[in-house]
Amino acid sequence: MLINLSDVLSEQHKTIIKDCMPDMDEFHCEFGSFPISEKKGAHIVVEHVKGRELMIRGTADITITIPCDRCLKDVPTRFELDFVKNVDLDESDEARVDELDEKNYIDGYHLDVDKLLYNEILIGWPTKVLCSDDCKGICSVCGQNLNEGTCDCEDTSLDPRMSVIRDVFKNFKEV
Ligand SMILES: [Zn+2]
Ligand SMILES: [Zn+2]
């Protein structure tokens with residue numbers, strides 16, 4: 001969704017208030033692709049500051065399904081976005097890109113709401129996603145989800161090199 005910013009820059013300096021539904025249904029990033037399981041409308045306010053400077057305030061509520069780091073179970077992860085951005089339209093595109101907060105969501109006189117929300121989600125991306133703090137993960141031998149039950153595999157939390165030695169002993173026994 002694009003918002004035309006020229007009204008805010010007109011002589012009347014009209015504040016733009018927009019409620020819109022983000023277009024995205026899936027979130028793609030370097031970590032993978034994740035389905036968006038729930039989204040509530042974004043609320044965007046664009047105000048004139050001075051000259052060709054704008055202040056963009058926004059809130060949005062988006063839930064993305066991310067697999068648990070340990071057991072891969074789907075974890076609905078909520079992103080409650082609440083941000084303020086200052087944008088100077090006089091700044092050249094190069095200067096914008098050089099900034100840490102890459103303002104790729106401004107295209108000429110248009111604000112690309114989806115790109116803006118995308119950036120905000122990426123900034124807030126959790127370093128770790130767990131279905132619960134005490135998730136036991138999955139057995140690395142049989143793949144059993146250890147939150148749902150146990151398995152008869154040997155303790156695989158040992159050093160993997162140890163399991164090689166164990167296997168050697170097992171083979172001896174079988175002979
Ligand atoms: Zn888990
Ligand atoms: Zn197992």
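The values are calculated or read from the model by the stated rules, or taken from the named source; none is laboratory data. None of these values were measured; they are calculated from a predicted model. Methodologically, a virtual Cβ is constructed for each residue, glycine included, from the backbone with ideal geometry; neighbour enumeration extends over all protein chains shown. We work out accessible area using only protein heavy atoms, side chains counted, and drop any ligands, DNA or RNA first. Shrake-Rupley method; radii C 1.70, N 1.55, O 1.52, S 1.80 Å.
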Inset, instruction - Would you please list the contacts, defined by Cβ atoms under 6 Å and residues six or more apart or on different chains, that run from a residue in the range 60-81 that is part of a loop (DSSP other than H, G, I, E, B) and at pLDDT 95 or above to a residue that is within 16 Å of ligand 2 (Cβ to nearest atom) and of a type in the set (Lys, Arg)? - result: none
Legend entry - Exclusive hit being open to solvent by less than 50 Å² (accessible area, probe 1.4 Å), under 24 Å from THR127 (Cα atoms), β-branched (Val, Ile, Thr) and touching a helix residue (DSSP H, G or I) at 6+ places or on another chain (Cβ under 7 Å), set ILE44, ILE62: ILE62
Inset, instruction - Among the residues of the range 118-158, write down those that are more than 14 Å from ligand 1 (Cβ to nearest atom), in contact with a Cys (Cβ under 7 Å, 6 or more places away or on another chain) and outside any loop (DSSP other than H, G, I, E, B). - result: LEU122
Legend entry - Every residue from the range 139-153 that is more than 6 Å from ligand 2 (Cβ to nearest atom) and open to solvent by less than 40 Å² (accessible area, probe 1.4 Å): ASN145, GLY149
Inset, instruction - Answer with yes or no whether VAL84 is at pLDDT 90 or above, away from ligand 1 (no atom under 16 Å from the Cβ) and either open to solvent by 50 Å² or more (accessible area, probe 1.4 Å) or part of a strand (DSSP E or B) (or both). - result: yes
